[in-house]
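Everything on this sheet refers to the single structure shown next.
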Amino acid sequence: MKAYKVNVNGNVYEITLEVIDKADIKAPTAPAAAPAPVASAPVAAPAGAQTISAPMPGNILKVNVTNGQAVKKGDVLMILEAMKMENEILAPNDGTVSSVNVTAGQTVDSGAVLCTLN
């Protein structure tokens, strides 16, 4: 151990440092790689159906609708987390959910089809 006095902005601190043999130092381990985004396969919308796409890449936190469910304009279809913010994906008009293409916890890219409405 070696003792030192350090002056920081006029304040004097006593610190002690331990001398370490290089043989005792372990190489840092690499952090675990982030999971790769799950690519959603393009889904053909039925004739007359409206696709609801992800406005940005992110994670689906919650899916509030199921196939066949009636929705009104402004209903929250799902919650997309992007850049540490929760974004509500809203129904653009009244309709019936014809397909839900994502699940909670799934990572999506910008433009990925989240669901379709009839």
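Across the range 95-110, coupling constants 3J(HN,Hα) worked out from phi with the 6.51/-1.76/1.60 Karplus curve, θ = phi - 60°, read x, 10, 6, 9, 7, 10, 9, 10, 10, 4, x, 7, 8, 10, 8, 4 Hz, and Gly and Pro carry x. Site pair N59 and N7 shows an inter-label distance of 5.0 nm when each label is modelled 7 Å from Cα along Cα→Cβ. Per-residue Cβ neighbour counts within 10 Å put S98, S53 in the sequence S53, S98, beginning with the fewest.
Length gain on complete extension for the stretch Q69 to T96, per 0.36 nm per residue less the alpha carbon to alpha carbon distance? Intermediate values should be presented prior to the final figure.
On the way: separation 27, 0.36 × 27 = 9.72 nm, distance 0.55 nm.
Extra length available between Q69 and T96 comes to 9.2 nm.
Near C115, the amide H atoms lying under 5 Å from its own belong to I52, N101; only residues 5 or more places off or on other chains count, and H is placed 1.01 Å from N. Can you work out the base-10 log of I(q)/I(0) for the range 50-117 at q = 0.15, 0.24 1/Å, using the Debye formula on its C-alpha atoms alone? Result of the Debye calculation: -0.39, -1.00. Ordering L77, L17 from the fewest to the most neighbouring beta carbons within 10 Å gives L17, L77.
Every number in this text was worked out from the coordinates using simple rules, so none of it is lab data. All figures in this text were calculated on a predicted structure; none of them were measured in a lab. Backbone-built Cβ (ideal geometry, glycine too); neighbour counts: all protein chains shown.
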